[in-house]
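Chemist: Just passing along the structure, written as structure tokens.
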């Protein structure tokens, strides 16, 4: 499914000894999975939750924390040893991240978060690849900016991929317009939102 909950057996009571269980979470092709651990407490160094993107984790963890898959499949494994010591374990919520990309070409134009000026959707991951004439630079003016601080981000890269130099990583509210300038004729803008509170997002105008 597109969202759901997984939890250690008997949660919030103590899980059993000598336990080995796996959850294989599968969402729609072309999406990724956000796994948010709302609670986590196991016997440290003995009872483990294993996720490929997280490796192994045990003990008491500060929650919430999030793991994002690299594809539309995520395998979660929970193991406990045969010791008498057990704990409540974990509670995790998964949701689907929609992925998309748009190529924007021209000497001027605008990009905006989905639904702007209304609130953008949850669990969103979108990219705009801005391309202007060879030999030019791009000025990206953010005329409006308001996202959920520390959770919903706009990232701007100085090139065509997320491996390009990071020019901006921003969340929250900005009361005044601000400008980002590229070093070439390509910029990549990425917007990500989590599965919680949403805001109007952003409006940005580009020119050469």
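The values are calculated or read from the model by the stated rules, or taken from the named source; none is laboratory data. Predicted, not measured: the structure shown is a model, and the values here were computed from it. Here the Cβ is made from the backbone with ideal geometry for all residues, glycine too, and neighbour counts use every protein chain on show.
Chemist: Could you grab me the full set of residues in the stretch 172-198 that are farther than 25 Å from residue 131 by Cα, touching a residue at least 40 places away in the same chain (Cβ under 8 Å) and exposed (fewer than 14 other Cβ atoms within 10 Å of the Cβ)?
Modeler: 196, 197, listed by residue number.
Chemist: Let me ask something else. Could you say whether any residue in the stretch 127-150 is under 17 Å from residue 199 (Cβ atoms), assigned by TED's automatic domain parsing to the domain that holds residue 190 and touching a residue at least 60 places away in the same chain (Cβ under 8 Å)?
Modeler: Yes - at least one qualifying residue is present in the stretch 127-150.
Chemist: If I ask for residues that are assigned to a loop (DSSP other than H, G, I, E, B) and surrounded by 15 or more Cβ atoms within 10 Å (Cβ to Cβ), which ones from the stretch 122-135 would you list? Steps first, please.
Modeler: Going residue by residue through the stretch 122-135, those that are assigned to a loop (DSSP other than H, G, I, E, B) are 122-123, 132-135.
Within the stretch 122-135, 122, 123, 132 qualify.
Chemist: So residue 62 ticks every box in (1) free of Cβ contacts under 8 Å to residues at least 12 places away in the same chain; (2) not in a loop (DSSP other than H, G, I, E, B) but one. Which box is left unticked?
Modeler: Only one criterion in (1) free of Cβ contacts under 8 Å to residues at least 12 places away in the same chain; (2) not in a loop (DSSP other than H, G, I, E, B) is unmet by residue 62, namely (2).
Chemist: Any idea which residue in the stretch 30-45 is nearest to the chain's Cα centre (by Cα), counting only those that are assigned to a loop (DSSP other than H, G, I, E, B) and buried (at least 16 other Cβ atoms within 10 Å of the Cβ)? Full working, then the answer.
Modeler: Here is the first cut: in the stretch 30-45, the residues assigned to a loop (DSSP other than H, G, I, E, B) are 30-31, 42-45.
Right, trim to buried (at least 16 other Cβ atoms within 10 Å of the Cβ) and you get 31, 42-43.
Details: 31: 12, 42: 25, 43: 28 Å.
Only one residue fits best here, namely 31.
Chemist: Considering only residues that are surrounded by 15 or more Cβ atoms within 10 Å (Cβ to Cβ) and either outside any loop (DSSP other than H, G, I, E, B) or without any contact (Cβ under 8 Å) to a residue 60 or more places away in the chain (or both), which ones fall in the stretch 20-29?
Modeler: Within the stretch 20-29, 23, 25 qualify.
Chemist: Still on this structure, please answer the following. Only one of (1) under 19 Å from the mean Cα position of the chain (by Cα); (2) in the same structural domain as residue 9 (by TED's automatic domain parsing) is not met by residue 90, so which one is it?
Modeler: Against the list (1) under 19 Å from the mean Cα position of the chain (by Cα); (2) in the same structural domain as residue 9 (by TED's automatic domain parsing), residue 90 comes up short only on (1).
Chemist: Here are some conditions: (1) more than 14 Å from the chain's Cα centre (by Cα); (2) crowded, with 19+ Cβ neighbours inside 10 Å; (3) modelled with pLDDT under 95. Residue 201 meets all but one. Which one does it not meet?
Modeler: (3)
Chemist: Residue 50 fails exactly one of the following numbered conditions: (1) assigned to a strand (DSSP E or B); (2) modelled with pLDDT under 95; (3) crowded, with 17+ Cβ neighbours inside 10 Å. What is the number of that condition?
Modeler: Tallying (1) assigned to a strand (DSSP E or B); (2) modelled with pLDDT under 95; (3) crowded, with 17+ Cβ neighbours inside 10 Å, residue 50 fails exactly one: (3).
Conditions tested, residue by residue: (1) closer than 24 Å to residue 122 by Cα; (2) surrounded by 15 or more Cβ atoms within 10 Å (Cβ to Cβ); (3) in contact (Cβ under 8 Å) with a residue 24 or more places away in the chain.
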{"site": "18", "(1), (2), (3)": "no, no, yes"}
{"site": "56", "(1), (2), (3)": "no, no, no"}
{"site": "67", "(1), (2), (3)": "yes, yes, yes"}
{"site": "77", "(1), (2), (3)": "no, yes, yes"}
{"site": "89", "(1), (2), (3)": "no, yes, yes"}
{"site": "96", "(1), (2), (3)": "yes, yes, yes"}
{"site": "99", "(1), (2), (3)": "yes, no, yes"}
{"site": "105", "(1), (2), (3)": "no, no, yes"}
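Chemist: Does residue 95 fit the bill of being in contact with a strand residue (DSSP E or B) (Cβ under 9 Å, 6 or more places away or on another chain), part of a loop (DSSP other than H, G, I, E, B), modelled with pLDDT under 85 and more than 30 Å from residue 185 (Cα to Cα)?
Modeler: When the stated conditions are applied, residue 95 does not pass them.
Chemist: Any idea how many residues of the stretch 1-20 are within 22 Å of residue 64 (Cα to Cα) and touching a strand residue (DSSP E or B) at 6+ places or on another chain (Cβ under 8 Å)?
Modeler: Residues flagged as within 22 Å of residue 64 (Cα to Cα) and touching a strand residue (DSSP E or B) at 6+ places or on another chain (Cβ under 8 Å) within the stretch 1-20 amount to 13.
Chemist: Let me ask another. All but one of (1) within 26 Å of residue 31 (Cα to Cα); (2) modelled with pLDDT of 95 or more; (3) part of a strand (DSSP E or B) hold for residue 164; state the number of the condition that does not hold.
Modeler: Result: residue 164 fails condition (3) only.
Chemist: Taking the stretch 30-51 only, how many residues are more than 17 Å from residue 68 (Cβ to Cβ) and touching a residue at least 40 places away in the same chain (Cβ under 8 Å)?
Modeler: Within the stretch 30-51, residues that are more than 17 Å from residue 68 (Cβ to Cβ) and touching a residue at least 40 places away in the same chain (Cβ under 8 Å) number 5.
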